[in-house]
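First comes the structure, then the notes that go with it.
The values are calculated or read from the model by the stated rules, or taken from the named source; none is laboratory data. These numbers come from a predicted model, not from an experiment. All Cβ positions, glycine included, derive from the backbone under ideal geometry; neighbour counts span all protein chains shown. Areas reflect the complete protein model, heavy atoms only, side chains present, ligands, DNA and RNA absent. Shrake-Rupley method; radii C 1.70, N 1.55, O 1.52, S 1.80 Å.
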Amino acid sequence: MTRRLFFSNAGSYHALTPPRRMLWRLLRRAVPAQERWFFEGQIEIPGQLWFADRKAIYQTVKACRPRIVFEIGTWQGGGSTLFITQALYENGAGRLHTVELDPDKQAQAVENYRRYCPDLLPFVDFHAGSSTDVYPSVLRREGRADLLFLDGFGDEQSLAEFEMFAPYLKAGAIVIAHDWFDVKMSLLRPLLEADLSWQIKQILKLPHSVGLAIVQKNQSDLQR
């Protein structure tokens, strides 16, 4: 009952109205611990993305065990950043590079991790600035991207970001695209859907998500 009451009306704890947050805190123990965590995240760190998105991202990182991960859009660190980094921590290996255009939000994210989840800091590098300014040198240094989470702004930006990463996405690499059905993916979505070297592994839709796609580069590319 508690799960249906909250999960069907809000994507995450931080999306609740203040009265419903108070109610959640009273009833939260009725929800299994892991499901509660997907809904809350780190409760002191504001985060975006819905419950189902968070769960899919976390499970993908846990299962695929990427070593070099990139993310577009940190915000305050409580959404995809947290669930990717927690999965890397539990895997015992890997590093997330995450970039935030707003310097105040980026500074807040760094402070949030120092204060509330310092154990995750060895698994994440916080960057400030535009992804297309910051990441080229990081990509040259790392040499590859095993997993890319795209959640930037605008259709042209999303396409430009993917094209920036494309030479570093080898066979088996994964791209997770948020807002899959939104206009900001309107240029990239048909490209990935038509490209035979990429396979769509999972798509989340309403009412569970505003749109999330998990796409993997085919292993057969190793022989090309």
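Express in nm, to one decimal, how much length is gained between residue 205 and residue 21 on full extension, taking 0.36 nm for each residue of separation and deducting their alpha carbon distance.
The residue 205-residue 21 span can extend by a further 63.7 nm.
Starting from the amide H of residue 170, placed 1.01 Å from N in the peptide plane, find each other amide H under 5 Å away whose residue is 5 or more places distant or on another chain.
145
Ordered by residue, what ³J(HN,Hα) values in Hz, to whole numbers, does the stretch 113-118 give under the Karplus form 6.51 cos²θ - 1.76 cosθ + 1.60, where θ = phi - 60° and Gly and Pro are x?
Along the stretch 113-118, the couplings run 6, 4, 8, 10, 8, x Hz.
Within the stretch 61-96, find all residues whose amide N lies under 18 Å from a label point positioned 7 Å from the Cα of residue 144 along Cα-to-beta-carbon.
Counting only backbone N, you get 61-71, 88, 92-96.
Spelling out what I want: for every residue of the stretch 35-43, take phi, set θ = phi - 60°, compute 6.51 cos²θ - 1.76 cosθ + 1.60 (Karplus), and round to whole Hz; glycine and proline get x.
Going residue by residue, I get 5, 4, 5, 4, 6, 8, x, 8, 4 Hz, with x marking Gly and Pro.
With unit charges on the beta carbons (Lys and Arg positive, Asp and Glu negative) and the dipole taken about the Cα centre of the chain, which residue among 215, 177, 24 sits farthest to the positive side?
So the residue we want is 24.
Please report the projected area of the stretch 108-158's Cα convex hull averaged over all directions, in nm².
Result: 4.6 nm².
Taking the Cα centre of the stretch 6-110 as origin and charging only Cβ (+1 Lys, Arg; -1 Asp, Glu), how large is the dipole, in debye to the nearest 20?
Its charge dipole is roughly 420 debye.
Starting from the stretch 101-160, pick out the chymotrypsin sites (Phe, Trp or Tyr not before Pro) whose DSSP state is loop and whose Cβ has at most 16 other Cβ atoms within 10 Å.
Qualifying residues, ordered by number: 153.
Can you tell me the convex hull volume per residue for the stretch 158-221, based on C-alpha atoms, in Å³ to the nearest whole number?
70 Å³
For a quick protection proxy, order the peptides 80-88, 172-180 by their average other-Cβ count within 10 Å, most packed first.
Sorting 80-88, 172-180 by mean packing, highest first, produces 80-88, 172-180.
First compute the accessible area of the stretch 109-156 with a 1.4 Å probe, then give the percent of it belonging to carbon and sulfur atoms.
44 percent
What does the convex hull of the alpha-carbon atoms of the chain project to on average, in nm²?
12.3 nm²
What does the charge dipole of the chain about its Cα centre add up to, to the nearest 20 debye, if the Cβ of each Lys and Arg holds +1 and the Cβ of each Asp and Glu holds -1?
1040 debye
Using θ = phi - 60° and the Karplus curve 6.51 cos²θ - 1.76 cosθ + 1.60, what whole-Hz ³J(HN,Hα) does each residue of the stretch 66-72 get, with Gly and Pro shown as x?
Going residue by residue, I get x, 9, 10, 10, 10, 9, 9 Hz, with x marking Gly and Pro.
Counting alpha carbon pairs within less than 8 Å and at least 6 residues apart, what relative contact order, in whole percent, applies to the stretch 78-156?
Computed value for the stretch 78-156: 31 percent relative contact order.
With a probe of 1.4 Å, find how much accessible area the chain has per residue, and write the answer as a whole number in Å².
48 Å²
Please give the calculated 222 nm ellipticity per residue for the chain, where each DSSP H segment of at least 4 residues contributes -39500 (n - 2.57) and the sum is spread over every residue; nearest 500 deg cm²/dmol?
Helix-only estimate at 222 nm: -12500 deg cm²/dmol.
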